[in-house]
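The values are calculated or read from the model by the stated rules, or taken from the named source; none is laboratory data. Here the structure is a predicted model, which means the values were calculated and not measured. Cβ sites come from the backbone with ideal geometry, for glycine too, and all protein chains shown count toward neighbours.
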Amino acid sequence: MPSREPESADLAWSRRRLPPLALGVAAVLLVLYAGLCKALLFHDLEYFGSDLFSFLEMTWSWHYAGQLLHDNVHGYPSAIHNFYLLLAFSPLTIPLGAYGLILGLVLFNLMAVLRVATAAVLDLPARLVILAGLLSPVAYYAFDHPEWGFHPELCYPPLALLLALDLLEGRTRRAILVGLLVVLVKEDGAVLCASVLLAYFACRLWMLRGGSQEERRRVVAAALVSLLASALVFVAGMAVLSAASRALTSTQSTAAPRVLDSLRVLANTLGGPGASTRGMRLYQGLTAYALVAGVLVLPLGRRLPRGLLLVLLSSPPVVIVLMVSAGWYRFRYMLWPPRLATLLALVIACLVFTSSMAPPARLRQDRVGAGAAALVAVSWVLQLLLLARLGYSPWPRLQALALLSGLGYRVSTIPGQEVRFLRCLAERLPGGLPVSTFGDTHPVFHRQSIVFEDFAQHAWHRPLLRVVPSSAPAAAPEATSCQGPRVGGVAVEVECELLPLVASCGVIDQADPEPGAG
């Protein structure tokens, strides 16, 4: 029989690299598709909660209002939270409006999946397990953030993944830089960093269990220094928050009373006699946390016990923070997407550390990869079942063709001619112009500064254009105010000098074959 020629080195290298490359390309496409669907959901008015517009305002208030991290709902959120990473979104939001927030989230997730695809310390099964966690149904629920659309904590999962990989590869300077970004997301970012570090050093000690005692001592010393640094950063962040709170106590709600009330509620709930509604909510929330963490680490297969133990060891600081955060709301929002995003971030970091451990030598990598793929499928099905209990299904949120038509989404509940009229107004008005509107149509004006009438006292400027129901009695005219165009059930009151910009929007095509088209 003719002997087979030995495979060339280039061909062998190509065959080794092809599966990770294909996995990386698939992950990139999934992130881009999720970002496209989120942008279409916003276009269809599915994100109408005030939080998105508060965060949008914070990104650009320095540019339009000359005020740092100001918004028109709360006034100065720096008295409540440290949202300093939002300033990094301003180059995207000033030209793109709310789409800049979506693009920022997509870019963070793209960086994360590309790092997983190119990390030399990870084999193919490890990459599959990690990407399956970052792109899981639970992760999409957090990324989608139904109704509210955006919260800075949605940056936690990709950033925690980047931090874990930098720690794993010994890139200390880059890990510090990523850790700084995590800290700037919110005041509890330092706690998340501490939990990720705790998981990392616990993993290091496990891998050195057969090594020299001196080496283990060095790891313990490094762990203590790192955790102490995280604690100091957290204390410094809370000190900054406390100072801002004292300066603004007379004008708005501040962090100190919120935290104290949350701690009081938590202490009373944990120490109170018998069952209570708050206690049941807390118990249900913690149970859901455990279930979410369990199904996310399920693809680890034979390393599942290590993964669960690592999550159990590193999660108490994060869980305590989540409990305190939920205490202000009497534990009603423990499964709110930002809360799950924080927990998800830590679990993904634990997936990185645990899956990087070498599989048993007797198992071939292809067999390990096939087993991981099967467990990923099981994990995703279980996640879908958990999300169904929350009343959430990702399928309507991921149908790009349906989203393009708008049928079945909030935009279709508004007459099409009115939608086109509102979009015309938004296109004609300059960015950052104060605008108020009624109903849930404010997403149309995402490039303008949305003033919510119920919180008008916190706005940096009174609205220069008001969208009102055409059936409403005309407001008392101001010296500089004019009646603008009206279409269907929508009318406009506008500063007279702006009237030429929007007057022609009243002349629109009356043909409306599809409600909500626009």
Might you let me know whether the stretch 189-210 holds any residue that is of a type outside the set (A, V, I, L, M) and exposed (fewer than 13 other Cβ atoms within 10 Å of the Cβ)?
-> yes
Which residue pairs have Cβ atoms closer than 8 Å, lie 6 or more positions apart in sequence or on different chains, and pair a first residue in the stretch 404-419 that is within 17 Å of Pro469 (Cβ to Cβ) with a second residue that is in a helix (DSSP H, G or I)?
-> Val419/Val411; Val419/Val444
Taking the stretch 301-351 and keeping residues more than 17 Å from Leu286 (Cα to Cα) and touching a Leu at 6+ places or on another chain (Cβ under 6 Å) leaves Gly301, Gly307, Ile348, Cys350
Can you confirm whether the stretch 379-400 contains a residue that is out of contact with any strand residue (DSSP E or B) (no Cβ under 7 Å at 6 or more places or on another chain), under 26 Å from Trp60 (Cα atoms) and outside any helix (DSSP H, G or I)?
-> no
Would you be able to say whether some residue in the stretch 402-419 is assigned to a helix (DSSP H, G or I) and within 30 Å of Val295 (Cβ to Cβ)?
-> yes
Specify the residue that is nearest to Gly237 (Cα to Cα); the eligible residues are those in the stretch 165-217 that are in a loop (DSSP other than H, G, I, E, B) and not charged (D, E, K, R).
-> Gly170
Residue that is nearest to Thr59 (Cα to Cα), among those in the stretch 142-164 that are of a type in the set (Asp, Glu) and part of a helix (DSSP H, G or I) = Glu153
Counting only residues that are surrounded by fewer than 13 Cβ atoms within 10 Å (Cβ to Cβ) and modelled with pLDDT of 80 or more, which one in the stretch 237-260 is farthest from His70 (Cα to Cα)?
-> Leu260
Filter the stretch 91-123 for residues that are surrounded by 17 or more Cβ atoms within 10 Å (Cβ to Cβ) and polar (S, T, N, Q) and give the result.
-> Thr93, Asn109
Subset tally (residues that are among the hydrophobic types (A, V, I, L, M, F, W, C) and part of a helix (DSSP H, G or I)) for the stretch 57-72 | 3
Could you say whether any residue in the stretch 133-141 is closer than 19 Å to Gly24 by Cα, part of a helix (DSSP H, G or I), among the aliphatic types (A, V, I, L, M) and in the same structural domain as Lys186 (by TED's automatic domain parsing)?
-> yes
Which ones in the stretch 312-332 are within 21 Å of the chain's Cα centre (by Cα), within 25 Å of Leu384 (Cβ to Cβ) and part of a helix (DSSP H, G or I)?
-> Val318, Val319, Leu322, Ala326
Every residue from the stretch 142-160 that is charged (D, E, K, R) and crowded, with 24+ Cβ neighbours inside 10 Å | Glu153
